[in-house]
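Q: Shown below is the structure under consideration.
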Amino acid sequence: MTDKIDIKNVAKLAALNLTTEEENKLEKDLSMIIDHFAALSEMNLPDEKISIHPLGTPLNLADDEAIIFLSHEEALSNAPESSDGQFVVPPSLD
């Protein structure tokens, strides 16, 4: 088990207002995640290339191709509101 996590500080850093019940659940969940990472770090893994595919097969990705899709004006033409050539959106923070 990990050391006690200061959930109140974590919530403050994340700008979350948590109830006592939510703090207890989050503390338990974060402790479990940290314990899993600690267990992973103790595993003796070979220095082979790590594959992100579960069967180790290579990913066949398509080449990126630059195409002209919409002009700037065409993209802004459907915007509910624009100003100085940019989309106007509501603020995400108060």
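The values are calculated or read from the model by the stated rules, or taken from the named source; none is laboratory data. As the structure is a computational prediction, the values presented were derived from the model and not from experiment. All Cβ positions, even for glycine, are placed from backbone atoms using ideal geometry, and neighbour counts span all protein chains on display.
Q: What's the total number of residues in the range 1-49 that are within 30 Å of Leu93 (Cα to Cα), over 19 Å from the mean Cα position of the chain (by Cα) and among the hydrophobic types (A, V, I, L, M, F, W, C)?
A: 3
Q: Continuing with this model, one more query. I need the full set of residues from the range 52-80 which are of a type in the set (Gly, Ala, Ser), more than 23 Å from Pro90 (Cβ to Cβ) and either under 25 Å from the mean Cα position of the chain (by Cα) or not in a loop (DSSP other than H, G, I, E, B) (or both), in order please.
A: Gly56, Ala62
Q: Ok, one more. Restricting to the range 14-46, name every residue that is among the β-branched types (Val, Ile, Thr) and surrounded by fewer than 13 Cβ atoms within 10 Å (Cβ to Cβ).
A: Thr19, Thr20, Ile33
Q: In this structure, does Ala11 turn out to be surrounded by 10 or more Cβ atoms within 10 Å (Cβ to Cβ) and in a helix (DSSP H, G or I)?
A: On the way: surrounded by 10 or more Cβ atoms within 10 Å (Cβ to Cβ): yes; in a helix (DSSP H, G or I): yes.
Judged against the criteria, Ala11 is a match.
Q: Among the residues of the range 39-51, are any in contact (Cβ under 8 Å) with a residue 12 or more places away in the chain and in a helix (DSSP H, G or I)?
A: no
Q: A further question follows. State all residues of the range 50-80 that are closer than 30 Å to Ala15 by Cβ and exposed (fewer than 10 other Cβ atoms within 10 Å of the Cβ); if no residue qualifies, say none.
A: Pro80
Q: From the set of residues in the range 81-94 that are of a type in the set (Gly, Ala, Ser) and part of a loop (DSSP other than H, G, I, E, B), which is surrounded by the fewest Cβ atoms within 10 Å (Cβ to Cβ)?
A: Keep residues of the range 81-94 that are of a type in the set (Gly, Ala, Ser), which gives 82-83, 85, 92.
Okay, now just the ones that are also part of a loop (DSSP other than H, G, I, E, B), so 85, 92.
Details: Gly85: 8, Ser92: 5.
The residue in question is Ser92.
Q: Here is a list of conditions, (1) of a type outside the set (D, E, K, R); (2) modelled with pLDDT of 90 or more; (3) part of a loop (DSSP other than H, G, I, E, B), and Met32 meets all of them except one; can you say which number that is?
A: Here Met32 meets the rest and fails (3).
Q: Condition (residue is of a type in the set (Val, Ile, Thr), in contact with a helix residue (DSSP H, G or I) (Cβ under 7 Å, 6 or more places away or on another chain) and not in a loop (DSSP other than H, G, I, E, B)) applied to the range 17-25: is it met by at least one residue? Steps first, answer last, please.
A: Taking the range 17-25 first, the residues of a type in the set (Val, Ile, Thr) are 19-20.
Keeping just the survivors that are in contact with a helix residue (DSSP H, G or I) (Cβ under 7 Å, 6 or more places away or on another chain) gives none.
Among the residues of the range 17-25, not one is of a type in the set (Val, Ile, Thr), in contact with a helix residue (DSSP H, G or I) (Cβ under 7 Å, 6 or more places away or on another chain) and not in a loop (DSSP other than H, G, I, E, B), which makes the answer no.
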